[in-house]
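Comments concern the structure below.
The values are calculated or read from the model by the stated rules, or taken from the named source; none is laboratory data. Model, not experiment: these values are computed from the prediction. Ideal geometry is used to build each Cβ from the backbone, glycine not excepted, and the neighbour counts take in all protein chains shown. Ligands, DNA and RNA are excluded from the accessible area calculation, which covers all protein heavy atoms including side chains. Shrake-Rupley method; radii C 1.70, N 1.55, O 1.52, S 1.80 Å.
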Amino acid sequence: MFYIQLKDRRWNKPQSPVNKAVPTCKPSVVEAKNEKSSKFALIKTTEYIRNTQQVCYLEFWLFS
């Protein structure tokens with residue numbers, strides 16, 4: 001019974017169509033800036049996490 005509940009838990013979520021229509025209109029300037037800034041934030045966050053992991057790894061070997 002537990003397996004059935006886990007398996008069917010997405011029954012109420014809509015599924016996206018497989019063939020999405022290609023947008024014919026040009027994205028607005030605000031949408032382009034938002035997309036660009038979100039990509040920049042993602043890159044910087046990933047870089048920060050990698051640097052933090054590297055520092056923790058090096059400090060572990062330095063101070064252990």
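Is there a residue in the range 33-40 that is more than 18 Å from the chain's Cα centre (by Cα), surrounded by 10 or more Cβ atoms within 10 Å (Cβ to Cβ), modelled with pLDDT of 60 or more and of a type in the set (A, V, I, L, M, F, W, C)? Scanning the range 33-40 turns up no residue that is more than 18 Å from the chain's Cα centre (by Cα), surrounded by 10 or more Cβ atoms within 10 Å (Cβ to Cβ), modelled with pLDDT of 60 or more and of a type in the set (A, V, I, L, M, F, W, C). Applying the set (1) open to solvent by 100 Å² or more (accessible area, probe 1.4 Å); (2) part of a helix (DSSP H, G or I) to K26 leaves exactly one unmet item: (2). Taking the conditions (1) at pLDDT below 90; (2) surrounded by 10 or more Cβ atoms within 10 Å (Cβ to Cβ) in turn, N19 satisfies each one other than (2).
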